[in-house]
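Inspection log for the structure reproduced underneath, given as structure tokens.
The values are calculated or read from the model by the stated rules, or taken from the named source; none is laboratory data. None of these values were measured; they are calculated from a predicted model. Cβ sites come from the backbone with ideal geometry, for glycine too, and all protein chains shown count toward neighbours.
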Amino acid sequence: MAAPLPDLVHQTYRSLFSEDPLLVRSPGRINLIGEHTDYNQGWVLPAAIDKQIVAAIGKRDDQLIQLHALDQGQTYSTTLHGIERSGLLWPDYVLGVVQQLIRSQYPLQGFNLVFAGDIPQGAGLSSSAALECATAFALNELFSLDISRLDMALAAQAAENDFVGVKCGLMDQFASLFGQERQLIKLDCADFSHEYIPFNHPDIQLILFDTRVKHSLASSAYNERREQCERGVALIRKHHPAVTSLRDATAEQLNRYVKPVNETVYQRCLYVVSEIQRVQDGCDDLKKNDLMSFGKRMFETHEGLRHQYEVSCHELDLLVDLMQGREAVLGARMMGGGFGGCTINMVKAGEVPDVIYAITHTYRRKTGKELQVYLARPSGGTTVLS
């Protein structure tokens, strides 16, 4: 039987560097509701999950950075003052964080780092953010830097934005660092204030169905949607200068100032304004233990992403359609930026095997693709293991 992930990472570090390391785990994340609301200054509802990156780290007495990716079987070396993009991608998530800490004048020296993970890559579960957060947290512990969790999250986000070149919001890194067992995080993306929403339902299982597709539209369409949201805000601001994001906008304002000018921009903005409200209403549902109502909002979110925001795809729509009308299913929707990746589904725990069997077989028959299935539960955030 394979060794547990922390043991494997620890043993690999010892074999490479002949010393015991500091060991850190940092989880991936899901988002139950609140899609494309983060860059519109709205709310999101993520949770850290029980899949993680484990990193082993130790100090060096020089300026060298030695990185080893166990899953890739690759090693990369550079120096603290020679940081540049690696051409391999995976080192960049580590090096980008180091660069941010150096810019903030934190006292670093060389280090060795070995990592591996069980977060499925390419499924939209933020394995990259988990690696960034593991790096920031490990360096903070190793060098006693006294960085707050929020500042670690911001450094990790800046690494992905500025060094890796992906213009993500803060949700992924925040969820990875601030996750708690059996809790969802209602995160306000305007000021990063947050509230924990209990999600302790042993009779409910969260299932991720991975389409195994990523359509090439994803990045260009993402940027286009951001621009369309900004155009909608600009049209409203001509009449209401206090409206600086769709968080501040109302459906009535969209109807009056945006719809007559551009129907497509109107639909994009109407989805976002509706979704921001759905997060608020969904959190109220959860506080009342009304999972049926929350699940209906998940289906509504998917309809909005499919028809108004237009970031879904055939495979995602098929999976959500297959979940409609099943008594065992409370809610389902696409999760993430769109055009592929996963759906997230709330299913009665006792019915999980039957649902998985039915969906995987139908998906294979209709698409010719094998469906990947992952079970997830809200988990604790980034922490020291040893």
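Below is a table of values for the structure above.
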item: Failed condition for residue 366, given (1) assigned to a helix (DSSP H, G or I); (2) surrounded by 18 or more Cβ atoms within 10 Å (Cβ to Cβ); result: (2)
item: Lone unmet requirement of (1) in contact (Cβ under 8 Å) with a residue 12 or more places away in the chain; (2) surrounded by fewer than 20 Cβ atoms within 10 Å (Cβ to Cβ) for residue 3; result: (1)
item: Positions within region 37-75 being touching a residue at least 24 places away in the same chain (Cβ under 8 Å), of a type outside the set (A, V, I, L, M, F, W, C), more than 30 Å from residue 311 (Cβ to Cβ) and not in a strand (DSSP E or B), in sequence order; result: 60, 61, 62, 63
item: Helices (runs of 4 or more DSSP H) enclosed by region 115-227 - at least 1 residues per element that are under 13 Å from the mean Cα position of the chain (by Cα), over 20 Å from residue 86 (Cβ atoms) and not assigned by TED's automatic domain parsing to the domain that holds residue 27; result: none
item: Count of residues meeting criterion [in contact with a helix residue (DSSP H, G or I) (Cβ under 8 Å, 6 or more places away or on another chain), surrounded by fewer than 18 Cβ atoms within 10 Å (Cβ to Cβ) and either touching a residue at least 40 places away in the same chain (Cβ under 8 Å) or part of a helix (DSSP H, G or I) (or both)] in region 232-243; result: 0
item: Within region 76-114, tally of residues that are in a loop (DSSP other than H, G, I, E, B) and hydroxyl-bearing (Ser, Thr, Tyr); result: 3
item: Some residue of region 264-272 being hydrophobic (A, V, I, L, M, F, W, C), touching a Ser or Thr at 6+ places or on another chain (Cβ under 8 Å), closer than 23 Å to residue 208 by Cβ and surrounded by 17 or more Cβ atoms within 10 Å (Cβ to Cβ); result: no
item: Subset of region 244-260 (residues that are assigned to a loop (DSSP other than H, G, I, E, B) and of a type in the set (A, V, I, L, M, F, W, C)); result: 249
item: Output for region 161-180, where each listed residue is surrounded by fewer than 23 Cβ atoms within 10 Å (Cβ to Cβ) and either of a type in the set (Gly, Ala, Ser) or closer than 12 Å to residue 99 by Cα (or both); result: 162, 163, 164, 165, 169
item: Odd one out for residue 249, checked against (1) in contact with a Cys (Cβ under 9 Å, 6 or more places away or on another chain); (2) among the small types (Gly, Ala, Ser); (3) at pLDDT below 95; result: (3)
item: Residue identified as of a type in the set (A, V, I, L, M) and out of contact with any strand residue (DSSP E or B) (no Cβ under 7 Å at 6 or more places or on another chain) among 332, 358, 349, 376; result: 358
item: Matching residues in region 2-29 - criterion: being part of a strand (DSSP E or B) and either in contact with a His (Cβ under 9 Å, 6 or more places away or on another chain) or aliphatic (A, V, I, L, M) (or both); result: 22, 23, 24
item: Every residue from region 331-363 that is under 22 Å from residue 38 (Cα atoms) and not in a strand (DSSP E or B); result: 336, 337, 338, 339
